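The values are calculated or read from the model by the stated rules, or taken from the named source; none is laboratory data. From a predicted model like this one, the values you see are computed outputs, not experimental measurements. Don't worry about glycine lacking a Cβ; one is built from the backbone with ideal geometry, like all the others, and counts go over all protein chains shown.
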Amino acid sequence: MTVYLGIFIAVVILLQMAIGHLIRELGFSFPISVALMCLPLGIGVFLLQIVYYEQYYPDWEVTLGAKLRLKYMYLLTFFEFVALYICFFVF
């Protein structure tokens with residue numbers, strides 16, 4: 001069980017670093033991207049969506065690059081939950 005916990009933590013850290021990189025590419029400052037990166041399992045992505053995108057873009061008329069980066073963040077969050085399932089409920 002301890003090995004699977006270590007694998008899960010490593011996977012979550014790597015995926016969160018990728019999400020932080022995508023947040024930085026969207027144009028947010030470094031402290032904001034690091035702060036949102038420290039919230040795992042989609043909490044940071046959810047806050048980014050609710051606090052920023054829902055207020056400034058209510059009709060979601062953002063650029064294609066921003067939409068793609070957000071979709072990549074959603075996919076990475078999904079992979080975090082897949083890793084959670086595999087590490088704790090399969091083995």
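Among what's in the stretch 1-46 and is more than 14 Å from the chain's Cα centre (by Cα), of a type in the set (A, V, I, L, M, F, W, C) and within 20 Å of Phe78 (Cβ to Cβ), pick the residue that is surrounded by the fewest Cβ atoms within 10 Å (Cβ to Cβ).
Checking each candidate, the answer is Ala10.
Using the structure shown, decide if Lys71 is in a helix (DSSP H, G or I) and either in contact (Cβ under 8 Å) with a residue 12 or more places away in the chain or under 12 Å from the mean Cα position of the chain (by Cα) (or both).
Values: in a helix (DSSP H, G or I): yes; either in contact (Cβ under 8 Å) with a residue 12 or more places away in the chain or under 12 Å from the mean Cα position of the chain (by Cα) (or both): yes.
Against the criterion (in a helix (DSSP H, G or I) and either in contact (Cβ under 8 Å) with a residue 12 or more places away in the chain or under 12 Å from the mean Cα position of the chain (by Cα) (or both)), Lys71 qualifies.
So which residues in the stretch 61-74 are exposed (fewer than 11 other Cβ atoms within 10 Å of the Cβ) and hydrophobic (A, V, I, L, M, F, W, C)?
The one that is exposed (fewer than 11 other Cβ atoms within 10 Å of the Cβ) and hydrophobic (A, V, I, L, M, F, W, C): Leu64.
Looking at the stretch 22-32, is at least one residue modelled with pLDDT of 95 or more, in a helix (DSSP H, G or I) and touching a Leu at 6+ places or on another chain (Cβ under 7 Å)?
Within the stretch 22-32 (the criterion being modelled with pLDDT of 95 or more, in a helix (DSSP H, G or I) and touching a Leu at 6+ places or on another chain (Cβ under 7 Å)), the answer is yes, since at least one residue qualifies.
Among the residues of the stretch 52-68, which ones are assigned to a helix (DSSP H, G or I) and either of a type in the set (A, V, I, L, M) or under 19 Å from Arg24 (Cβ atoms) (or both)?
Of the residues in the stretch 52-68, the ones assigned to a helix (DSSP H, G or I) are 52-56, 64-68.
Across the stretch 52-68, the qualifying residues are Tyr52, Tyr53, Tyr56, Leu64, Gly65, Ala66, Lys67, Leu68.
Give just the number: which of (1) assigned to a helix (DSSP H, G or I); (2) free of Cβ contacts under 8 Å to residues at least 60 places away in the same chain does Glu80 not satisfy?
Answer for Glu80: the failing condition is (2).
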